[in-house]
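Step one of this worksheet: look at the structure below.
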């Protein structure tokens, strides 16, 4: 479709229908930097069009500004439902082109994830094959691959139209197939009250971004590089020869052929396996070389993933870093982030703290951090109905000291740090289905002693074993588990004959309701916060969500009031049989606020 009159006719048709599927074609995958090349509309199954806007060499196409002016009233029309597949991306592209936020909306990717998280992926091609029995035209078949790949703006119009219009058509057909299932799957409230409302909120967070101190990042990179060089020299000395630390093959030959260290396994290609688990086991046996290699790898990863990459990811238009939040990746409902991935910055290491120090507030502003305290343990006490732990949380006691007192029979007063650390390892290990071997390795004790601790723990808290058994049984019986708020999480591999795979699935079944429940709670808080900020007349912005933490940027004069408001909203986001507790901090940097 290349004339404004034809576009107006389609817009009128969509308005009469009260429903339209919309998809964009772009010149890139970064929604905050990519430009719109065209868009497609579908008003009924099998009825769709494509509107080219920036196609090279195409003499007749609607000027971009005129097309955006024409489509904007439809996108903003409260009586027309706009349907997308991965709405957040298309919303950002339209806004970048000057269009308003497209509301109300539905998102077939998010609808699918609400019902079938963990069962399969939620990309359009996979959903189309699964639910429509139709394999869509692939992007590669239209643009080509490798060095010969054409930018979409150079794809001949006939091929571009068939491909792009099909995307909108498939999206609409998926909506007709999936939307009616939400109520039967008991996922309607989760979708409408939480997930769908989160889409524009996450988009606003991505667009806001966060300032990073580029000079500090470069200084950190130089420091890490110097430290890695010293480590490398030391490792070569221990090995008795120089070798490439980044080569798993060479490392395996040094550790297992030359040094004859125990426990090595050859991979299919014949080289020795030297993954983190192998090196960790050797390090725990007292071998210095694998321990030093682990330290070198950790620093190398932090350097490449954060200190080097963050400086390159600063958006030249904003001077800030803009992560992208993925809503339909983690089966538990947790958000994940990419470019950069902020979920994997180490929490308890000096290096992790240094990296957080590079995330800073704009001049005249502060960063405010709000973090749920021990939320998964609180959920465990709630779902497993553990009177002792519930009482302890209600009193605001040190939960790890209380566990140590209950399990090891020692008084809480004057408890030594080692005993408390053992209880903490058990508390968190139980959530993740830790084995006696795993706990023993963590505490550097024998598996037999670790088994004794685990048995004592279950004897004191029988409700936990009952919960674990019930979770495994629910997964085996239904194929899924539920969070306390009704989110359905499918557990693949629960019926596997292979014991290792089945064991992993069982641990997933135990942990998923707790991790998913935590995700549900923080998302509930997130959808309430924009209105709460507006009602309080605050200009502060929510920037990041990382696990159980939210990070905000506030004008200096608002920071203290914001911290109070956010704590109140987050602590009242859900009602459990134990109190939710949120810890807040204020600082010029993320490290200072955290």
The condition from (1) under 18 Å from residue 195 (Cα atoms); (2) in contact with a strand residue (DSSP E or B) (Cβ under 9 Å, 6 or more places away or on another chain); (3) outside the structural domain of residue 581 (by TED's automatic domain parsing) that residue 523 misses is numbered (3)
Could you look through the stretch 397-413, keep only residues that are in a loop (DSSP other than H, G, I, E, B) and surrounded by 10 or more Cβ atoms within 10 Å (Cβ to Cβ), and pick out the one that is farthest from the chain's Cα centre (by Cα)?
-> 410
Every listed condition ((1) in contact with a helix residue (DSSP H, G or I) (Cβ under 9 Å, 6 or more places away or on another chain); (2) surrounded by fewer than 21 Cβ atoms within 10 Å (Cβ to Cβ); (3) closer than 24 Å to residue 483 by Cα) holds for residue 195 save (2)
Which residue pairs have Cβ atoms under 8 Å apart, sit 6 or more places apart or on different chains, and have a first residue in the stretch 225-245 that is within 16 Å of residue 291 (Cα to Cα) and a second that is part of a loop (DSSP other than H, G, I, E, B) and at pLDDT below 95?
-> 232/245; 235/245; 236/242; 236/243; 239/259
Of the residues 576, 562, which single one is in contact with a strand residue (DSSP E or B) (Cβ under 8 Å, 6 or more places away or on another chain) and not assigned by TED's automatic domain parsing to the domain that holds residue 202?
-> 562
Can you find even one residue in the stretch 43-54 that is in contact with a strand residue (DSSP E or B) (Cβ under 7 Å, 6 or more places away or on another chain), more than 26 Å from residue 132 (Cα to Cα) and in contact (Cβ under 8 Å) with a residue 60 or more places away in the chain?
-> yes
Before we move on, is residue 245 outside any loop (DSSP other than H, G, I, E, B) and either under 30 Å from residue 516 (Cβ atoms) or not assigned by TED's automatic domain parsing to the domain that holds residue 111 (or both)?
-> no
Spans of helices (runs of 4 or more DSSP H) in the stretch 414-514 with at least 1 residues under 30 Å from residue 191 (Cα atoms) and at pLDDT 90 or above = 462-478
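For every residue, the table says whether it meets (1) more than 13 Å from the chain's Cα centre (by Cα); (2) in contact (Cβ under 8 Å) with a residue 24 or more places away in the chain; (3) more than 28 Å from residue 558 (Cα to Cα).
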site	(1), (2), (3)
329	no, no, yes
335	no, yes, no
343	no, yes, no
351	yes, yes, yes
354	yes, yes, no
365	yes, yes, no
Within the group 540, 589, which residue is touching a residue at least 60 places away in the same chain (Cβ under 8 Å), more than 16 Å from the chain's Cα centre (by Cα), outside the structural domain of residue 429 (by TED's automatic domain parsing) and closer than 20 Å to residue 343 by Cα?
-> 589
Test for residue 9: is it over 17 Å from residue 171 (Cα atoms), assigned by TED's automatic domain parsing to the domain that holds residue 138 and free of Cβ contacts under 8 Å to residues at least 40 places away in the same chain | yes
For the stretch 1-19, does any single residue satisfy the condition of being farther than 12 Å from residue 97 by Cβ, out of contact with any strand residue (DSSP E or B) (no Cβ under 8 Å at 6 or more places or on another chain) and not in a helix (DSSP H, G or I)?
-> yes
Can you find even one residue in the stretch 549-569 that is surrounded by 23 or more Cβ atoms within 10 Å (Cβ to Cβ), over 21 Å from the mean Cα position of the chain (by Cα), under 28 Å from residue 383 (Cα atoms) and modelled with pLDDT of 95 or more?
-> yes
Answer yes or no as to whether residue 153 is more than 28 Å from residue 202 (Cα to Cα), assigned by TED's automatic domain parsing to the domain that holds residue 64 and buried (at least 21 other Cβ atoms within 10 Å of the Cβ).
-> no
Do we find a residue being under 29 Å from residue 500 (Cα atoms) and touching a residue at least 40 places away in the same chain (Cβ under 8 Å) anywhere in the stretch 438-446?
-> yes
Residue 108: under 22 Å from the mean Cα position of the chain (by Cα) and more than 30 Å from residue 314 (Cα to Cα), yes or no?
-> yes
Please verify whether the stretch 171-185 includes one or more residues that are in contact (Cβ under 8 Å) with a residue 24 or more places away in the chain, over 30 Å from residue 352 (Cβ atoms) and not in a helix (DSSP H, G or I).
-> yes
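The values are calculated or read from the model by the stated rules, or taken from the named source; none is laboratory data. A quick note: this is a predicted structure, and the numbers were derived from the prediction, not measured. Don't worry about glycine lacking a Cβ; one is built from the backbone with ideal geometry, like all the others, and counts go over all protein chains shown.
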